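Written below as structure tokens is the structure these notes are about.
The values are calculated or read from the model by the stated rules, or taken from the named source; none is laboratory data. Nothing here was measured: the structure is a model prediction, and the numbers come from that model. A quick note on method: Cβ atoms are made from the backbone with ideal geometry, for glycine too, and the neighbour counts reach across all protein chains shown. For accessibility, only protein heavy atoms count, side chains too; no ligands or nucleic acids. Shrake-Rupley method; radii C 1.70, N 1.55, O 1.52, S 1.80 Å.
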Amino acid sequence: MDLLTNAIESIQVGIQDWETGTRPRLLSAVRNIHAGILLLFKEALVRLSSPSSHDVLVKAQYKPVMVNGEIKLVGVGKKTVDVPKLKERFKEFGIAADWKLYDQIADVRNDVEHYFADVTHASLRGVIAAAFVLIREFMERELEEKPLELLGQPTWQTMLKAQELYALERADCDKLFEGLNWSSEALETGVRMIRCRICGSDLLRPDVTESHWDSTLTCRSCGDVRTGDEFIPGALEAALEVESWVAAKDGADDPIGECPSCDGQTYVMSEGACALCGESATQKCESCGTAIPANEMGSSPLCGWCDHMMSKDD
Ligand SMILES: [Zn+2]
Ligand SMILES: [Zn+2]
Ligand SMILES: [Zn+2]
């Protein structure tokens, strides 16, 4: 198995798919490019494994064996490491990869078939741009190879052009985002992380208005327009994903609750305000004095229990 050749061919085929531009080929483009990147990552681990170790670092399983009186670890079977393990091994062995870009590409790979009904050549340009930057850096820094030579002129030029065009459009959108006062830090972060629900593009242009409550996002790729009540819940979820995950794992309180004023799933607990309507609400029950958890914020100024008891009395 020659991982590097497989990686290069996957990326080349992915770029051809992207250029063809029909829906099945666009789906295939994302899958191929994603697969190619994972193979590149695995190549770095293979190169670090000693020749007699059966590629120990890239194998999902390994076992100790005795060789000339010394105990060594060798890889077992064909199954290779999954992404969480890959991240772990990169950390342990000091291999650097842009995981943020990787996660962006992986998210599109997971969503493209089910959510982006009208995916297009243009709406995937951001994925090609992200892949280009990630692959170029990884090949040069970690594999000490020349990406232009490995990928070949046609693939390299296509990716380079996509990246340049995307960077221009990205800068345009970012400038508009900077001109807006979002009043919520989580929203300001999250609004740059979401994608068009129709075509999957992440180039969403905010239409600047006096207050952000009634601002809209327009997709540069397909023209779909979303209002605040449509995009703010998703933006908050994206920005606070890690906090939500940690909270769920540790049984701690959620970072986002239901707003008692506008009923949106948009009340940011740590900011003490709703990112959609801007209202603040008391986070301490006025009747029993306990802290109101996120999932009971809808009944503020009372906690869920006191609210329930009051409504029984009525
Ligand atoms: Zn779109
Ligand atoms: Zn609200
Ligand atoms: Zn209470």
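Could you grab me the full set of residues in region 262-278 that are in contact with a strand residue (DSSP E or B) (Cβ under 7 Å, 6 or more places away or on another chain) and within 19 Å of Asp229 (Cβ to Cβ)?
Selection gives Cys262, Gly264, Gln265, Thr266, Tyr267, Val268, Cys274, Ala275.
Quick test for you: out of Ser261, Ser244, pick the one residue that is in a loop (DSSP other than H, G, I, E, B) and more than 14 Å from ligand 1 (Cβ to nearest atom).
Values: Ser244 fails: in a loop (DSSP other than H, G, I, E, B).
Residue meeting the stated conditions: Ser261.
Being among the charged types (D, E, K, R), assigned to a strand (DSSP E or B) and either loosely packed, with under 12 Cβ neighbours inside 10 Å or touching a helix residue (DSSP H, G or I) at 6+ places or on another chain (Cβ under 9 Å) (or both) is true for just one of Lys91, Lys78, Lys42, Lys87. Which residue is that?
Lys78
Here are some conditions: (1) among the hydroxyl-bearing types (Ser, Thr, Tyr); (2) open to solvent by 40 Å² or more (accessible area, probe 1.4 Å); (3) within 21 Å of Val127 (Cβ to Cβ). Tyr62 meets all but one. Which one does it not meet?
Result: Tyr62 fails condition (3) only.
When you go through (1) part of a helix (DSSP H, G or I); (2) among the small types (Gly, Ala, Ser); (3) open to solvent by 30 Å² or more (accessible area, probe 1.4 Å) one by one for Ala238, which number turns out not to apply?
Looking at each condition in turn, Ala238 falls short on (3).
Out of Glu169, Glu185, Glu178, Glu145, I need the residue that is among the acidic types (Asp, Glu) and at pLDDT 95 or above. Which one?
Glu145
Name the residues in region 264-296 that are at negative phi, open to solvent by less than 30 Å² (accessible area, probe 1.4 Å), in a loop (DSSP other than H, G, I, E, B) and small (Gly, Ala, Ser), would you?
Gly264, Ala275, Ala281
In region 271-295, which residues are among the hydroxyl-bearing types (Ser, Thr, Tyr) and over 12 Å from Trp305 (Cβ atoms)?
If the condition is that a residue be among the hydroxyl-bearing types (Ser, Thr, Tyr) and over 12 Å from Trp305 (Cβ atoms), then Ser280, Thr282 are the ones that fit.
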